[in-house]
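Let me begin by presenting the structure, written as structure tokens, before commenting on it.
The values are calculated or read from the model by the stated rules, or taken from the named source; none is laboratory data. Predicted, not measured: the structure shown is a model, and the values here were computed from it. Positions of Cβ are backbone-derived with ideal geometry, glycine not excepted, and every protein chain shown enters the neighbour counts.
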Amino acid sequence: MEDTEKKPKRKIIPNKTKMPEQPPQERVKNFKEVPLGYSEDQAVEEATRCIQCKNRPCIEGCPVEIDIPDFIALIAERKFVEAIRKMKEKNALPAVCGRVCPQEVQCESKCTLGKKNEPVAIGRLERFIADWERENKMVQVPPLPAPRGKKVAVVGSGPAGLTVAADLAKLGFGVTIFEALHKAGGVLVYGIPEFRLPKAIVQAEVDYVKSLGAELVTNAVIGNLYTIPELLNNGFDAVFIGIGAGGPMFMDIPGENLSGVYSANEFLTRSNLMKAYLFPEYDTPIKRSRNVAVVGGGNVAMDSARTAIRLGADEVYLVYRRSREEMPARAEEAHHAEEEGLIFKFLTNPIRIIGDEKGNVKGMECLRMELGEPDASGRRRPIAVKGSEFTIDIDALIMSLGTNANPLLPASTPGLALNKWGYIVANEETGETNLKGVFAGGDIVTGGATVILAMGAGRKAARAIEKYLS
Amino acid sequence: MFKIVEKKVLGQDIKLFRIEAPAISKKAKPGMFVIVKIGEKGERIPLTINDFDPQKGTVTIVFQEVGKTTMMLGRLNEGDVIEDLVGPLGKPTEIENFGKVVCIGGGVGTAVIYPVTRGLFQAGNQVIGIVGARNKDLLIFEEEMKAFCHRLIITTDDGSKGHHGLVTDVLKQILAEEKIDRVIAIGPTIMMKFVAKTTEPFGVPTIVSLNPIMIDATGMCGVCRVNVGNETKFACVHGPEFDGHKVDFDLLMGRLNQYKEEEKIALTTL
């Protein structure tokens, strides 16, 4: 044919390749992952949608600056090994990020294709290539440089700590990670449920960081077992603090300490870290409640609600004082939760929790709200409607109102500068604190944020620690 | 991994483990606790430290077999290891020379009041000890307590040894006869509640060590929250010791009973 000499004009495919997922009626009965991931062919099909534009805006949208178009081009060419190696140059935890990053406000929001069509499904491709590597047992330790003879203590094994540890180990530093719990992973193991992030995947990512030479010490509560000054006086040349924003917030309304009232942290830690959803095979129990209310509108609230649904509740309500538009949860999470039967009670605010004679929660009194003028957060301020009190019958209540700084470590570190909320003051670009050799990043600096932002802070701190120790 | 270097049976279902844990032993102080977890599928339970020896690098715990975890723990022997041991956690007991103090241990709580008693004795206090148990077979640490008390009174519910009755009977009498500067009570929640009730009319500062359900025990989950003076406190980081006159004991007992049914189910899987 006459046209064969010419390069065919690339055809734009407007929509993302669909990713298969467990149907709602099935998945509410199990804790298995909801989206099932791309097959090789689906991944190649999706990767081919990338137009490989010149200015590569997606990279700017990524807090750890993954070379996105390059790894996608390699997938399109079916060079999966090369694709994952390219990915791991910048991201030690792609199987996690591919699942829990809010790509819609990061890389994918910048995608050139996304201006007129759906953006390239960067997150799904990231997940695919990470899963492909693990499932095909292609995980490889990159060549490591000669040891530099300097040691760094990393406090906390969540996303920030794992990133710092991986980056510094790859640079030849001796790294020891101290984790307070019995399992590494931080929020990835205690907070995010199995159906969003299988724990075997977190374990594989932790194992990868260990394979780079990082040592892991679990059951080590820094502040109690060792203090930061003790670490610096006992062989560590620098310390990175990535302990997350651990403390749960409550509303300070009557009845909050009744039995059956949980913080989201407790509810999720029971279910995820302690595997209470498998009780009595696992020893930690969790109540199989009938009518559950979750207060809050973030991703953690969605995780709590969807966990309660899977534990067999008849009705699960999400009580949020503003409207759907203001809800901080990812649209995808809210959508999944709704498919699973979550009942939204927007513009509703609890004022009192009611208990029975044994001290168990039996109801919650709420007020209806309406939206007024925007407040400091830019969202319209909810105002109570007078006389609108009503009661919801519940036998469990989960408070998912965000977290605050856990004072345990800061209180044992003399002179460490904190802001008025108790978070550590650290340089945004380097993670440096006011103490020599002490760096910090992630939620303990920023307050509750995302996995990828904590990883971004870890990446920057690793660079600064390398500079500090050179 | 933490090796059990010594196991002793102290009484009916009450066992003592001395465990190799050098780092914890160096930081432990009276009143602090550890989290114990056995096996991949185990739960995390708090146990207040009975003793510690930084030279030998060991910490000692004493526990009563009341549920699945403590029963499984009791089956371990010298040389076995405990997978996870976390600590020392919580705030240590405030130890100074208060003057004349009464240290009350109830049941297995006596193992925990013991290092507190020793500390207060060594700080120069006049120490009166009261040790109570349901019966004489459940009495523990009597000799050890004797060594650090100027006076020690034993009580048993069934009268099988010492005063026939409750620790509060003896306490009331002491408070009526002598000026006491501080009372510290560690034992069953109901005992601590009534100790606090007994001392309140006398205006004697009273410290109790609370034992709510815990998971992470570092201030993260909030399951151990208690009402103290109408404020919510986390026993794991703000406690475990609190002003007994301000604690809402009924709320605590309700929260402690939350998983009674599940505890029974767990026992069937032993």
- Regarding residue B:226, is this residue in a strand (DSSP E or B) and in contact (Cβ under 8 Å) with a residue 12 or more places away in the chain? yes
- Message: Being part of a loop (DSSP other than H, G, I, E, B) and more than 11 Å from chain A (Cβ to nearest Cβ) is the filter here; which residues of the stretch B:206-219 pass it?
- Response: B:210, B:211
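Of all residues in the stretch A:18-52, which are aliphatic (A, V, I, L, M) and either at positive phi or more than 26 Å from the chain's Cα centre (by Cα) (or both)?
So in the stretch A:18-52, the residues aliphatic (A, V, I, L, M) come out as A:19, A:28, A:34, A:36, A:43-44, A:47, A:51.
Selection gives A:44, A:51.
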- Which condition breaks for residue A:437 when tested against (1) more than 14 Å from every other protein chain (Cβ to nearest Cβ); (2) without any contact (Cβ under 8 Å) to a residue 24 or more places away in the chain? (2)
- Item | Residue in the stretch B:134-174 that is nearest to residue B:108 (Cα to Cα), counting only those that are in contact (Cβ under 8 Å) with a residue 60 or more places away in the chain and outside any loop (DSSP other than H, G, I, E, B) | B:138
- Message: Can you tell me which of (1) within 14 Å of chain A (Cβ to nearest Cβ); (2) more than 30 Å from residue B:177 (Cα to Cα) is the one residue B:31 doesn't meet?
- Response: (2)
- Which residue, of B:203, B:222, B:254, B:239, is surrounded by fewer than 22 Cβ atoms within 10 Å (Cβ to Cβ) and either within 21 Å of residue A:256 (Cα to Cα) or within 9 Å of chain A (Cβ to nearest Cβ) (or both)? B:254
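Looking only at the stretch A:368-415, how many residues end up being more than 14 Å from chain B (Cβ to nearest Cβ) and small (Gly, Ala, Ser)? Outline the logic, then answer.
Of the stretch A:368-415, the ones more than 14 Å from chain B (Cβ to nearest Cβ) are A:368-394, A:413-415.
Filter again for small (Gly, Ala, Ser), leaving A:372, A:376-378, A:384, A:387-388, A:415.
Number satisfying all stated conditions: 8.
Given the condition within 14 Å of chain A (Cβ to nearest Cβ) and buried (at least 20 other Cβ atoms within 10 Å of the Cβ), answer yes or no: does some residue in the stretch B:172-184 qualify? Outline the logic, then answer.
From the stretch B:172-184, those within 14 Å of chain A (Cβ to nearest Cβ) are none; that's our starting set.
No - not one qualifying residue is present in the stretch B:172-184.
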- Message: Which of the strands (runs of 3 or more DSSP E) found entirely inside the stretch A:328-398 contain at least 1 residues meeting this: farther than 28 Å from residue A:268 by Cα and touching a residue at least 40 places away in the same chain (Cβ under 8 Å)?
- Response: A:361-374, A:380-384
- Message: Quick check on the stretch A:231-264: of everything there that is out of contact with any Phe, Trp or Tyr (no Cβ under 9 Å at 6 or more places or on another chain) and without any contact (Cβ under 8 Å) to a residue 40 or more places away in the chain, which residue is surrounded by the most Cβ atoms within 10 Å (Cβ to Cβ)?
- Response: A:233
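Give me a count of the residues in the stretch A:461-470 that are buried (at least 23 other Cβ atoms within 10 Å of the Cβ) and either out of contact with any Leu (no Cβ under 7 Å at 6 or more places or on another chain) or modelled with pLDDT under 95 (or both).
Here is the first cut: in the stretch A:461-470, the residues buried (at least 23 other Cβ atoms within 10 Å of the Cβ) are A:461-462, A:465.
Still in the running and either out of contact with any Leu (no Cβ under 7 Å at 6 or more places or on another chain) or modelled with pLDDT under 95 (or both): A:461.
Result for the stretch A:461-470: 1.
Identify, please: which residue in the stretch A:416-434 is in contact (Cβ under 8 Å) with a residue 40 or more places away in the chain and part of a loop (DSSP other than H, G, I, E, B) and is, among those, surrounded by the most Cβ atoms within 10 Å (Cβ to Cβ)?
Initially, the stretch A:416-434 is screened for residues in contact (Cβ under 8 Å) with a residue 40 or more places away in the chain, giving A:416, A:423-424, A:431, A:433.
Then drop every residue that is not part of a loop (DSSP other than H, G, I, E, B), which leaves A:416, A:423, A:431, A:433.
Values: A:416: 20, A:423: 18, A:431: 28, A:433: 25.
Once the filter is applied, the top-ranked residue is A:431.
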- Query: All but one of (1) touching a helix residue (DSSP H, G or I) at 6+ places or on another chain (Cβ under 6 Å); (2) in contact (Cβ under 8 Å) with a residue 24 or more places away in the chain; (3) under 25 Å from residue B:264 (Cα atoms) hold for residue A:270; which doesn't?
  - Reply: (2)
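Which residues, counting only those in the stretch A:340-368, are among the aliphatic types (A, V, I, L, M) and either touching a Lys or Arg at 6+ places or on another chain (Cβ under 8 Å) or modelled with pLDDT under 95 (or both)? Can you show your working first?
Restricting attention to the stretch A:340-368, the residues satisfying the condition of being among the aliphatic types (A, V, I, L, M) are A:342-343, A:347, A:351, A:353-354, A:361, A:364, A:367.
Scanning the stretch A:340-368 gives A:342, A:347, A:354, A:364.
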- Inside the stretch A:16-35, can you point out the residues that are of a type in the set (Asp, Glu), surrounded by fewer than 16 Cβ atoms within 10 Å (Cβ to Cβ) and either farther than 13 Å from residue A:196 by Cα or modelled with pLDDT of 95 or more (or both)? A:26
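Considering only residues that are closer than 23 Å to residue A:399 by Cβ, in a loop (DSSP other than H, G, I, E, B) and either among the aliphatic types (A, V, I, L, M) or in contact (Cβ under 8 Å) with a residue 40 or more places away in the chain (or both), which ones fall in the stretch B:241-270?
So in the stretch B:241-270, the residues closer than 23 Å to residue A:399 by Cβ come out as B:242, B:247-248, B:250-259, B:262.
Adding the requirement that they be in a loop (DSSP other than H, G, I, E, B) leaves B:248, B:257-259.
Correct list: B:258, B:259.
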- If we scan the stretch A:265-277, do we find a residue that is in contact with a Ser or Thr (Cβ under 6 Å, 6 or more places away or on another chain), within 28 Å of residue A:152 (Cβ to Cβ), surrounded by fewer than 24 Cβ atoms within 10 Å (Cβ to Cβ) and among the hydroxyl-bearing types (Ser, Thr, Tyr)? no
- Message: Among the listed residues B:87, B:99, B:67, B:74, identify the single one that is farther than 14 Å from residue B:186 by Cβ and surrounded by fewer than 17 Cβ atoms within 10 Å (Cβ to Cβ).
- Response: B:99
- From the list A:233, A:291, pick out the single residue that is more than 26 Å from the chain's Cα centre (by Cα), at pLDDT 95 or above and over 24 Å from residue B:86 (Cα atoms). A:291
- Item | Residues that are at positive phi and surrounded by fewer than 16 Cβ atoms within 10 Å (Cβ to Cβ), drawn from the stretch A:355-381 | A:378
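Residue-by-condition table, conditions (1) in contact with a Lys or Arg (Cβ under 7 Å, 6 or more places away or on another chain); (2) more than 14 Å from every other protein chain (Cβ to nearest Cβ); (3) under 21 Å from residue A:190 (Cβ atoms):
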site: A:304; (1), (2), (3): no, no, yes
site: A:324; (1), (2), (3): no, yes, no
site: A:329; (1), (2), (3): no, yes, yes
site: A:334; (1), (2), (3): no, yes, no
site: A:338; (1), (2), (3): no, yes, no
- In the stretch A:382-415, how many are crowded, with 18+ Cβ neighbours inside 10 Å and among the hydroxyl-bearing types (Ser, Thr, Tyr)? 3
- Filter the stretch A:287-309 for residues that are surrounded by 24 or more Cβ atoms within 10 Å (Cβ to Cβ) and among the hydrophobic types (A, V, I, L, M, F, W, C) and give the result. A:292, A:293, A:294, A:295, A:300, A:301, A:302, A:305, A:308
- Kindly indicate whether any position in the stretch B:73-90 is away from every other protein chain (no Cβ under 14 Å) and modelled with pLDDT under 95. no
- Meets criteria (surrounded by fewer than 23 Cβ atoms within 10 Å (Cβ to Cβ), in contact with a Phe, Trp or Tyr (Cβ under 9 Å, 6 or more places away or on another chain) and acidic (Asp, Glu)) for residue B:94: no
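Quick check on residue B:230: is it closer than 17 Å to residue A:260 by Cα and either more than 10 Å from chain A (Cβ to nearest Cβ) or surrounded by fewer than 20 Cβ atoms within 10 Å (Cβ to Cβ) (or both)? I'd like the intermediate steps shown before the answer.
Working: closer than 17 Å to residue A:260 by Cα: no; either more than 10 Å from chain A (Cβ to nearest Cβ) or surrounded by fewer than 20 Cβ atoms within 10 Å (Cβ to Cβ) (or both): yes.
No; evaluated as a whole, the condition is false for this residue.
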- Query: Do any helices (runs of 4 or more DSSP H) entirely within the stretch A:185-285 hold 3 or more residues that are more than 11 Å from chain B (Cβ to nearest Cβ), and if so, which?
  - Reply: A:199-211, A:228-233
